[in-house]
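Engineer: Take a look at this one; I'll ask things after.
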Amino acid sequence: MSKLVLTRLGMALLSLLAVSAIIFWCVELLPGDAAERILGRNATPESLALLREKLNLNLSAGERYFDWLRSLLSGDFGVSLVADRPVLDYISGRIANTALLSGFALLLYIPISIALGIITAIYRGKFADHAISVIVLIFMCLPEFVIGILLISIFAIKLAWLPPLALIGQANSFGELLRLIALPTITIVAAMSAYAVRMMRESLIEVLESSYVLMARLKGLPTWRVLLFHALPNALGPAINITALNVAWMIGGVVVVESVFEFPGIGRLMVDSISHKDVPVILAISMVMTGAYIATNLIADVLVILLNPKLR
Amino acid sequence: MYGKDILRLSRRKLLASAGAALAAGPLATTLHVPKSWAQPKVLRIAAGEADGASGTMDPAQSTADPDAARISLVFERLVVLDDSFAPVPQLAKSWESNDTGDEWTFKLQEGVKFHDGEPFTARHVVHSFKRLLDPATASPGASSMAVIDPSAITALDDYTVRFKLKSPTVEFPALIANRFTYIVREGQPESEMRTAGIGTGPFKVKSFVPGEDVSVFVKNEDYWRPGLPKVDVVELRAIPEESARIAAIQSGQIDLCWDLGRAGIEELKKNRDVKVVSTRAPFVLTLSCWTDTPPFDDVRVRQAMKYVVDREQMLQLVLRGYGNIGDDNPVAPWVQYALQAEVRPRDVEKAKALLAEAGYPDGIDIELYTSETTPGFIEMATLYQAMASEAGIRVKLNKAPANDYWSAVWLKQPFVCSSWSGRGADEALATPYMSTSDWNETHWKRPEFDAYITEARATLDVAKRTELYQKAQQLLRDDGGAIISVFPDALGASRSNVSGWKLHPQQSTKDFSEVSIG
């Protein structure tokens, strides 16, 4: 298994390098440059020239990319062109915020989707199964911003239970923080649980019909024991893979949720940086997102192997 | 790696909230304004334009709306404008010019101090204007004040400053009441100007980091106008999504916001906890065409394009009535020097006749660029398309992305939606329509027009000056390439416990010194 992990890590480094080159090239293709984006409609030819000089935008694209790569190798992510501050300092707070939001979403998502998966599998073909399936599928079909706005208008405006925007700077206590991120967390969970619930349901049904579960029943074990200790571990594999994919989706999909709720996370920063053509920040964020994507997939693979004695 | 981050973060937040138990001293500072013990009066305000990484509080570099808000909190100007765009004193007590209007002397307020205790004197004024005009500063505001000779700004004594101008400018006091001319402290290093400026204003900057969500300002205890400001802390954030801004004010997450759209105001009027604020503003919404490019190079085509507009309907459908009708003249009728004329009525037959006369009996096909960058553009363009089609002006709409509209479309395409924030008559005419302007969006170059403006600037007699400015407006209205059908009101809202707040028709002026809460 350590061999698997090592090869995968090597591949990961190569992917990161490729991603950085592709992203840099794509950003180059966008019209305009950071100087134009900063000055906007107030730009005059003189102020543009001065700013370009200051930001080193007069160098060729290749030179700028290799400069960036060289300083990255010495551990320096560079300085944001627009915010004029070190990239690492700039993005670390945002990464922490997004990780917090995603973390809470996962914390809710895993037990909920496993529980719903079990219920739908046990009551397959009955009312509970149909009702839950329809509801999770509806949530899956709705875009996140629709769910988000729906939740805001119901829980923040009509009922006034929760604050509409996740302005987490306003939190003075852990409880307030929870209230502020409740709606975005629920939005994320609602948008992504359908896959896992369906996957959980399918694989559990398969396992429940297998001969060893029948054997366990015949031994006279109580249903909950059969479910939790015999059926569930074997049914978890596909659900874990789906969860890994979902986490990867979340890293990108959280962009929309962050915008709807004004959450100060990595997704909104990415959008902001692209609209300013702030290349060092865009590259750093893509590195982090790609890294997280690779890491979650690797972790999922390892978990699946650990859960399955045959692969261990 | 992912999981570890989550753990670290949630623990950090937990520590911070639990207080001192686990030596959380440095962590606790991440949470600002401990509301529980001191009960400072905190005013939470939200701008409507995005405040991204490009944010600044350096007056010379002010571009976005949140920049203007930060600068208004911390700095002050010699002269400010009243609601009709006439100049009134702020850091200057009084001013006078010589007989030719090319030498201006300002007497300064005494007893005013900068936030670091340094007395406000003439040398800071001299420094501020020299810095603004210095090419090395690269201020976008420099070109509009090119009339000032930077080497001839002199401090006559501690409280008297004299400006020598390159040409006579009767409207000079109003000219220096713009978003760039705030007085900064001489001796403050340039590296601090962007994030930690020292001014004389009602609030001091506590924390502002470009790209972070909240800028925090605290009361200037030594502020020179007695009894002001009325709140202890101002938290500024930007919420660009209008629906989010409305939700935030409805639920009390913010206390005050501006830049609201017409639909949002209707929604907020139903809420008893929210007060709606509106101000008549000469904000210009225009459709602008290049007058040197066919088919717009024929004045009859341009007039036809103006005759198809039903201005009342524009007002009702684009602005839901929150605004005033325009007459293809950027000087709104209530602004000083405005031309008072009968508004051009809609006349489709006349438009058709004009087109035929210009050699287009079958009408014209034109392409109009629009975008979501300014509220109202899309509605205005769509409605114009419908109105114009009746006269055989077939408009093809092209919706461009909002984030680079001003750098990629405006000044680059021959027929575009454009907007200009409220300005006094001279600036409203000169900035977009003088031959020499960097921002001549209609490519309209008329020596007579330039001459009217230049002559008006040198004419001390008010009646004669008014006449000249009005001639310029008449010429622009009849011959120019701008179709200005409406002036939208400035709209904002506050919680009902906020008082003393007024929106200023000069968009970049945001005075929060008299606002109180609770």
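Engineer: Collect the residues in the stretch B:263-297 that are touching a helix residue (DSSP H, G or I) at 6+ places or on another chain (Cβ under 9 Å) and farther than 22 Å from A:Ala156 by Cα, keeping them in residue-number order.
Structural biologist: Listed by number, the residues that qualify are B:Ser278, B:Pro282, B:Val284, B:Leu285, B:Thr286, B:Leu287, B:Ser288, B:Cys289, B:Thr291, B:Pro294, B:Pro295, B:Phe296.
Engineer: Let me ask something else. Quick check: is even one residue across the stretch B:336-353 in a strand (DSSP E or B) and touching a helix residue (DSSP H, G or I) at 6+ places or on another chain (Cβ under 9 Å)?
Structural biologist: Checked against the condition, which is being in a strand (DSSP E or B) and touching a helix residue (DSSP H, G or I) at 6+ places or on another chain (Cβ under 9 Å), the stretch B:336-353 yields no hits at all.
Engineer: Now for a separate question. Name the residue, out of B:Asp157, B:Asp134, B:Asp149, that is within 14 Å of chain A (Cβ to nearest Cβ) and either farther than 21 Å from B:Ile71 by Cβ or surrounded by fewer than 20 Cβ atoms within 10 Å (Cβ to Cβ) (or both).
Structural biologist: Of B:Asp157, B:Asp134, B:Asp149, the one residue that is within 14 Å of chain A (Cβ to nearest Cβ) and either farther than 21 Å from B:Ile71 by Cβ or surrounded by fewer than 20 Cβ atoms within 10 Å (Cβ to Cβ) (or both) is B:Asp134.
Engineer: Taking helices (runs of 4 or more DSSP H) that do not extend beyond the stretch B:401-518, which have at least 3 residues that are aliphatic (A, V, I, L, M) and within 30 Å of B:Asn98 (Cα to Cα)?
Structural biologist: B:425-433, B:447-457, B:462-479
Engineer: Sticking with this one: I'm trying to understand the selection: among the residues of the stretch B:72-99, which are outside any strand (DSSP E or B), at pLDDT 95 or above and either closer than 27 Å to B:Ala332 by Cα or touching a Cys at 6+ places or on another chain (Cβ under 9 Å) (or both)?
Structural biologist: Across the stretch B:72-99, the qualifying residues are B:Ser72, B:Glu76, B:Arg77, B:Leu78, B:Gln90.
Engineer: Given the structure, is B:Val416 aliphatic (A, V, I, L, M), within 14 Å of another protein chain (Cβ to nearest Cβ) and touching a residue at least 60 places away in the same chain (Cβ under 8 Å)?
Structural biologist: In short, yes.
Engineer: Could you tell me how many of the residues in the stretch B:113-144 are part of a helix (DSSP H, G or I) and at pLDDT below 90?
Structural biologist: Number of matching residues: 6.
Engineer: If you go through the stretch B:342-364 one residue at a time, how many are among the acidic types (Asp, Glu) and either closer than 30 Å to B:Ser421 by Cα or touching a residue at least 60 places away in the same chain (Cβ under 8 Å) (or both)?
Structural biologist: Residues flagged as among the acidic types (Asp, Glu) and either closer than 30 Å to B:Ser421 by Cα or touching a residue at least 60 places away in the same chain (Cβ under 8 Å) (or both) within the stretch B:342-364 amount to 2.
Engineer: Test each condition in (1) surrounded by fewer than 20 Cβ atoms within 10 Å (Cβ to Cβ); (2) outside the structural domain of B:Ala47 (by TED's automatic domain parsing); (3) within 24 Å of the chain's Cα centre (by Cα) for B:Glu192 and report the one that comes out false.
Structural biologist: (3)
Engineer: Going by what's in this entry, would B:Tyr452 be described as surrounded by 22 or more Cβ atoms within 10 Å (Cβ to Cβ), free of Cβ contacts under 8 Å to residues at least 24 places away in the same chain, more than 13 Å from chain A (Cβ to nearest Cβ) and under 30 Å from B:Thr169 (Cα atoms)?
Structural biologist: Yes; evaluated as a whole, the condition is true for this residue.
Engineer: Which one of A:Ile205, A:Ile154 is within 14 Å of another protein chain (Cβ to nearest Cβ) and surrounded by fewer than 18 Cβ atoms within 10 Å (Cβ to Cβ)?
Structural biologist: Criteria check complete, one pass: A:Ile154.
Engineer: Which of the strands (runs of 3 or more DSSP E) contained wholly in the stretch B:196-270 include at least 2 residues that are within 12 Å of chain A (Cβ to nearest Cβ)?
Structural biologist: Fully inside the stretch B:196-270 and qualifying: B:214-219, B:233-238.
Engineer: Right, here's the next one. Looking at the stretch B:372-385, can you tell me whether even one residue there is in contact (Cβ under 8 Å) with a residue 40 or more places away in the chain, within 20 Å of B:Val486 (Cβ to Cβ), in contact with a strand residue (DSSP E or B) (Cβ under 7 Å, 6 or more places away or on another chain) and not in a helix (DSSP H, G or I)?
Structural biologist: Checked the stretch B:372-385: at least one residue is in contact (Cβ under 8 Å) with a residue 40 or more places away in the chain, within 20 Å of B:Val486 (Cβ to Cβ), in contact with a strand residue (DSSP E or B) (Cβ under 7 Å, 6 or more places away or on another chain) and not in a helix (DSSP H, G or I).
Engineer: Also, I was wondering about something else. Would you mind listing the helices (runs of 4 or more DSSP H) fully within the stretch A:12-123 where at least 1 residues are touching a residue at least 12 places away in the same chain (Cβ under 8 Å) and within 27 Å of the chain's Cα centre (by Cα)?
Structural biologist: Because the criterion is at least 1 residues that are touching a residue at least 12 places away in the same chain (Cβ under 8 Å) and within 27 Å of the chain's Cα centre (by Cα), the helices (runs of 4 or more DSSP H) in the stretch A:12-123 that meet it are A:61-73, A:87-122.
Engineer: Mind checking whether some residue in the stretch A:232-249 is closer than 15 Å to A:Arg94 by Cα and within 14 Å of another protein chain (Cβ to nearest Cβ)?
Structural biologist: No.
Engineer: Collect the residues in the stretch A:1-29 that are within 14 Å of another protein chain (Cβ to nearest Cβ), in contact with a helix residue (DSSP H, G or I) (Cβ under 8 Å, 6 or more places away or on another chain) and either surrounded by 18 or more Cβ atoms within 10 Å (Cβ to Cβ) or under 20 Å from A:Val271 (Cβ atoms) (or both), keeping them in residue-number order.
Structural biologist: The one that is within 14 Å of another protein chain (Cβ to nearest Cβ), in contact with a helix residue (DSSP H, G or I) (Cβ under 8 Å, 6 or more places away or on another chain) and either surrounded by 18 or more Cβ atoms within 10 Å (Cβ to Cβ) or under 20 Å from A:Val271 (Cβ atoms) (or both): A:Val27.
Engineer: Which count do you get for residues in the stretch B:91-123 that are closer than 22 Å to B:Gly141 by Cα and surrounded by fewer than 18 Cβ atoms within 10 Å (Cβ to Cβ)?
Structural biologist: 3
Engineer: So which residues in the stretch A:262-311 are over 30 Å from B:Glu241 (Cα atoms), in contact (Cβ under 8 Å) with a residue 60 or more places away in the chain and more than 12 Å from chain B (Cβ to nearest Cβ), if there are any at all?
Structural biologist: A:Asp301, A:Val302, A:Val304, A:Ile305, A:Leu307, A:Asn308, listed by residue number.
The values are calculated or read from the model by the stated rules, or taken from the named source; none is laboratory data. This one's a predicted model, so the numbers in the text were calculated from it and none came from an experiment. So basically every Cβ, Gly included, is an ideal-geometry build from the backbone, and we count neighbours across all protein chains shown.
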